[in-house]
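Remarks on the structure that follows.
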Amino acid sequence: MIAASGAAAWVYQDLDGNIHSADVDNRIGGGRPVNASPGSKNILVVGSDSRAGGNAKYGRDLTTMQSDTLMVLHVAADRKWATVVSLPRDSWVAVPACDRGDGSRSAPHHFKINEAFAIGGTGGEVAGAAACTIRTVERNTGLRIDHFMSVDFQGFKGMVDALDGIEVCPRTAIHDTKAHLDLAAGCQTVKGEKALGYVRTRYSIGDSSDLGRIGRQQEFMEALAAKARTKLTSPNALYGFLDSATRSLTTDKALAGIKPLSALASEIKHVPGDRLTFLTVPNYVREVDVPADRANVVWQYPQAADLFTALAQDKEVDKERLAADSKDPVYAHTVRIRVLNGTGTPGRAAKAADTLRTAGFTVTGIGNAPEPTQRTTVRHPPGLRASAEVLASRLPGSAVREDAQAAPGAVTLTLGPDFDTLR
């Protein structure tokens, strides 16, 4: 009994000591969203594209910390369902000002969402990279992020190997030198380098987009979760899985330990398989709105806002309904906007118009409102409700109403003191 107890204690301390913690709470800053659903949890999961240590062979041309995969895991307050939302790394979003970790601070701007990890990690610390990523995700989703996890390449391979591999079924052969992958067509079990290459490959399969890769990653993670439920019954398999997972894991301080992670795993384990949903935020290629940009995607509104609002309120999202609602997007460039300044502060309309144009909207004119207003409003003539909703969904708290007297053929945005910028 003494020997067994000593072994258990050693295993516990060994695994517990593997986990790295990052003090992100003191770096995120103020102005964060409130938690609208106490009891639920929003966990930001980052697949780290670091080229340090064992990851160096995946490319030595990167000089900053990188995030290869970005997901938000929402665990419902009643623990009866959970949703994983993938955020494409090429999402063109507002990146707020962040501490770089080297004594300097970045300016707010628009760029790919995964740049936030690199900006905050300029000084080489995961805590700074995580803090800037959390600020960016919160800024664009309205979700309060409760916890953070970062997993690197090497740990992912170890977890798959501990499960004796995962079955994948590519329709065509894959040959990708960047992902170090040569894979025949058809169903087969992959592990080690092949498993990692499969979830990383992008340019040598399908449409070469990050969206296609996200789909493969989600399928792979679903299969991994299902196999872990049935496979991790022996002590050896469980230890191998946990050892790889913890060695590659960096979390916020509240999750940095076997006890809190085990508690979280236990909660997720009891979620029925058909109520663990994997989604990708609705989006379309930015080239539609900005012809010169062929490299990025933009989130589709109001569907993206509706998705994040539902999760913020702890409401389960119907994946099929979301897909149906996203079939016919209202592109930003088709939304014609007249901007009126109701704040009394000169220059606000012109500044807002520049922001709207950057987002791909068509600004038809600017001016001053007939009288000051305390709240930003979006008015539309009959027939332009859809366009008004696209705009309003990017302005949290704005009021929308139909107005027969509104300028024909355009949505009228009247700025109040509450106007900040677009979501």
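Taken together, the values in this text are just the output of simple stated rules run on the coordinates, not laboratory data. Worth saying up front: this structure is predicted, and the values here are computed from it rather than measured. Using ideal geometry, Cβ is built from the backbone for each residue, glycine included, and neighbour counts are taken over all protein chains shown.
DSSP beta bridges in the stretch 332-415, what fraction antiparallel, as a percent rounded to 5?
That works out to approximately 15 percent antiparallel.
Taking amide H positions as placed in the peptide plane 1.01 Å from N, state which residues far from Asp152 in sequence (5 or more) or on other chains have amide H under 5 Å from it.
Ser48
Taking amide H positions as placed 1.01 Å from N in the peptide plane, with prolines and chain starts having none, which residues 5 or more places from Ala22, or on another chain, fall under 5 Å of its amide H?
Amide H neighbours of Ala22, under 5 Å, 5+ apart: Thr251, Asp252, Lys253.
So if we plug the beta-carbon distance of Asp274 and Ala386 into 1/(1 + (r/R0)^6) with R0 = 22 Å, what FRET efficiency do we get, rounded to 0.05?
With a Förster radius of 22 Å, E is 0.10.
Gain in length, Glu267 to Val34, computed as 0.36 nm per residue apart minus the alpha-carbon separation, to one decimal in nm?
Between Glu267 and Val34, full extension yields an extra 81.6 nm.
Relative to the present Cα-Cα distance, how much length would full extension add between Gln405 and Lys259 at 0.36 nm per residue of separation?
46.4 nm
Sort His74, His270, His109, His147 so that the residue with the fewest other Cβ atoms within 10 Å of its own Cβ comes first and the one with the most comes last.
Going from sparsest to densest Cβ surroundings: His270, His109, His147, His74.
In sequence order, what are the phi-derived ³J(HN,Hα) couplings for the stretch 131-137 according to the Karplus relation 6.51 cos²θ - 1.76 cosθ + 1.60 with θ = phi - 60°, rounded to whole Hz, with x for glycine and proline?
Using θ = phi - 60°, the values come out as 4, 5, 5, 4, 4, 5, 5 Hz.
Cα atoms only, the stretch 332-415: Rg and Dmax in Å?
Radius of gyration, then largest Cα-Cα span, for the stretch 332-415: 11.4, 32 Å.
Quickly rank 157-168, 387-398 as a protection proxy: mean count of other C-beta atoms within 10 Å, highest first.
387-398, 157-168
Mind checking the angle between helix 210-231 and the chain's longest principal axis? C-alpha axes, 0 to 90 degrees, to the nearest 10.
40 degrees
Taking amide hydrogens as modeled 1.01 Å from N in the peptide plane, which residues meet the under 5 Å criterion relative to Gln66, leaving out close sequence neighbours?
Hits under the 5 Å cutoff: Asp49, Ser50.
With only Lys, Arg, Asp and Glu charged, each at its Cβ (+1 for the first two, -1 for the last two), find how big the charge dipole of the chain is about the Cα centre; round to the nearest 20 debye.
For the chain, the charge dipole is close to 320 debye.
Multiply the residue separation of Ala223 and Ser21 by 0.36 nm, subtract the distance between their alpha-carbon atoms, and state the gained length in nm to one decimal.
Here the answer is 69.9 nm.
Normalised by the number of residues in the stretch 270-423, what is the relative contact order in percent for Cα pairs under 8 Å and 6+ residues apart?
Reported relative contact order: 23 percent.
How high is the relative contact order of the chain, given as a whole-number percent (alpha carbon pairs under 8 Å, six or more residues apart)?
16 percent
Using the Karplus curve 6.51 cos²θ - 1.76 cosθ + 1.60 with θ = phi - 60°, work out ³J(HN,Hα) for each residue of the stretch 163-168 in order, rounded to whole Hz, and write x for Gly and Pro.
9, 6, x, 10, 7, 10
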